[in-house]
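The values are calculated or read from the model by the stated rules, or taken from the named source; none is laboratory data. For clarity, every value in this text was computed on a predicted model and none was experimentally measured. When we count neighbours, we look across all protein chains shown, and the Cβ atoms used for this are built from the backbone with ideal geometry, even at glycine.
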Amino acid sequence: MKYVLALDQGTTSSRAILFNESGVPAAAAQREFRQIYPQPGWVEHDPKEILATQRATAREALRGVALKDVQGIGIANQRETTIVWDRQTSEPIHNAIVWQDRRTTEICSQLRADGAERLIRDRTGLVIDPYFSGSKIAWLLDNIPGARARADAGQLAFGTVDTWLTWHLTGNRTHVTDPSNASRTMLFNIHTGDWDAELLRLLRVPRSMLPDVHPSTHAFGMLPKAEMGEPLVIAGVAGDQQAALFGQGCHRAGMAKNTYGTGCFMLLHTGTQAVDSATGSSPPPPRRRRRRNTRWKEAFSSPAPWCSGCATSSVFSTVQKRSNGWRQACWTAATSASCRRSPAWARRTGTRTRAA
């Protein structure tokens, strides 16, 4: 029996699932980690906790399996969360600034006041918002003593969580990402498929900090034997929402998914062309194969995409001491809307997929 190991690094927990060649989960492990709130509107994670919990779940999921039968590893990760570290020591210069964090509101307001909105929209498909990584990098370089000088000297590396994990799991050998993560930084030109020099100058981010961008399906690096017990290749990387779009079976233009995790996100497959939107939804490429770009449009579910999963978690906690029936009712309410919108649900139940 052959297997693949999926690493699902989320906002509140790290998970690993081992799938067999039929796509059936053979083992799984999950560990939560701390949410750090230094002040209202600020959200941070300890990058070392992210790495430690993901590494631990991977080892747990692989326990008892012949590692020679594991064909590769795939990573799906929380997007936009920003980590900057020293290239020599691999030590982070600060906690990770999480995608929910709003501390860079003033930086974004200044970009709009300077007339950068159209440029950023045209190049990246994104609106100017603290949500995206670019302003978070700028904040770190401006507020951590000595960080800008070290960045200008080529001593610092930036990455979203996929990049941070790959860097460490491969023994600090690879500094890489994929288009689905790069396109959420506000620094990536979705038309050229590369970091945009003008946007880097605008946010004063040195090009040397940024990872190489490879197709989502790619040999991103090799885990040394000491990491898991045998050398294993990281064969795929995708941001969590784009991974969910693909995983829910939305493989053709016109198909959409709506998922409820820590946040609420709707993604629509738009084919191979970038489609602009008058409503602020974003059209970067979700995953790139070797010969073809696939694109999507994304929108937050209103009114509070940042706390939908937190609200659901709160409901679960509230009814923790109630009967099994209460808990089942909560679970059904929380999941039914997402499931019934998915093609997978339609195939399994014989029902029509509802419009999201």
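Scan the stretch 90-100 for residues that are closer than 17 Å to residue 52 by Cα and of a type outside the set (Gly, Ala, Ser) and the total you get is 4.
From 105, 124, 163, grab the single residue that is in the same structural domain as residue 45 (by TED's automatic domain parsing), out of contact with any Ser or Thr (no Cβ under 6 Å at 6 or more places or on another chain) and under 15 Å from residue 181 (Cα atoms). Spell out how you get there, then give the answer.
Values: 105 fails: under 15 Å from residue 181 (Cα atoms); 163 fails: out of contact with any Ser or Thr (no Cβ under 6 Å at 6 or more places or on another chain).
After ruling out the rest, the residue left standing is 124.
Specify the residue that is surrounded by the most Cβ atoms within 10 Å (Cβ to Cβ); the eligible residues are those in the stretch 101-148 that are aromatic (Phe, Trp, Tyr) and either within 19 Å of the chain's Cα centre (by Cα) or more than 14 Å from residue 202 (Cα to Cα) (or both). In this case the residue turns out to be 132.
If you go through the stretch 43-77 and keep only what is closer than 28 Å to residue 146 by Cβ and in contact (Cβ under 8 Å) with a residue 24 or more places away in the chain, you end up with 43, 44, 45, 46, 47, 48, 50, 51.
The set of residues in the stretch 78-100 that are over 19 Å from residue 142 (Cα atoms) and either within 21 Å of the chain's Cα centre (by Cα) or not assigned by TED's automatic domain parsing to the domain that holds residue 156 (or both) comprises 78, 79, 90, 100. Regarding residue 38, is this residue in contact with a strand residue (DSSP E or B) (Cβ under 7 Å, 6 or more places away or on another chain) and part of a loop (DSSP other than H, G, I, E, B)? Yes.
Considering only the stretch 160-178, state which residues are in contact with a helix residue (DSSP H, G or I) (Cβ under 7 Å, 6 or more places away or on another chain), surrounded by 24 or more Cβ atoms within 10 Å (Cβ to Cβ) and in a helix (DSSP H, G or I). Those that are in contact with a helix residue (DSSP H, G or I) (Cβ under 7 Å, 6 or more places away or on another chain), surrounded by 24 or more Cβ atoms within 10 Å (Cβ to Cβ) and in a helix (DSSP H, G or I): 161, 162, 164, 165, 169.
Can you tell me how many residues within the stretch 73-94 are surrounded by 15 or more Cβ atoms within 10 Å (Cβ to Cβ) and part of a strand (DSSP E or B)? Matching residues across the stretch 73-94 total 10. With respect to the stated conditions, residue 23 is exposed (fewer than 15 other Cβ atoms within 10 Å of the Cβ) and among the small types (Gly, Ala, Ser).
Only a single criterion out of (1) in a helix (DSSP H, G or I); (2) within 15 Å of the chain's Cα centre (by Cα) is not satisfied by residue 186, namely (1). Among the numbered conditions (1) assigned to a loop (DSSP other than H, G, I, E, B); (2) at pLDDT below 75; (3) within 28 Å of residue 195 (Cα to Cα), the only one that residue 250 does not meet is (2).
Can you work out which of the residues in the stretch 1-28 that are over 19 Å from the mean Cα position of the chain (by Cα) and hydrophobic (A, V, I, L, M, F, W, C) is nearest to residue 72 (Cα to Cα)?
The first filter runs over the stretch 1-28 and keeps only residues over 19 Å from the mean Cα position of the chain (by Cα), leaving 1-4, 18-28.
Checking the rest, the ones that are also hydrophobic (A, V, I, L, M, F, W, C) come to 1, 4, 18-19, 24, 26-28.
Working: 1: 14, 4: 5, 18: 10, 19: 11, 24: 16, 26: 15, 27: 15, 28: 16 Å.
Per the criteria, the residue is 4.
Quick check, is residue 42 farther than 19 Å from residue 9 by Cα, assigned by TED's automatic domain parsing to the domain that holds residue 211 and either touching a His at 6+ places or on another chain (Cβ under 8 Å) or aromatic (Phe, Trp, Tyr) (or both)? Yes; evaluated as a whole, the condition is true for this residue.
Does residue 186 satisfy the criteria of being on the phi > 0 side of the Ramachandran plot, in the same structural domain as residue 74 (by TED's automatic domain parsing) and not basic (Lys, Arg)?
Working: on the phi > 0 side of the Ramachandran plot: yes; in the same structural domain as residue 74 (by TED's automatic domain parsing): yes; not basic (Lys, Arg): yes.
So residue 186 passes the test.
Go through the stretch 190-225 and count every residue that is free of Cβ contacts under 8 Å to residues at least 40 places away in the same chain and not β-branched (Val, Ile, Thr).
So in the stretch 190-225, the residues free of Cβ contacts under 8 Å to residues at least 40 places away in the same chain come out as 192, 194-195, 197, 200-201, 207, 212-214, 219, 225.
From the residues that got through so far, the ones that are not β-branched (Val, Ile, Thr) too are 194-195, 197, 200-201, 207, 212, 214, 219, 225.
The qualifying residues number 10.
Taking (1) closer than 24 Å to residue 226 by Cβ; (2) exposed (fewer than 15 other Cβ atoms within 10 Å of the Cβ); (3) in contact with a helix residue (DSSP H, G or I) (Cβ under 7 Å, 6 or more places away or on another chain); (4) charged (D, E, K, R) in turn, residue 15 satisfies each apart from (2).
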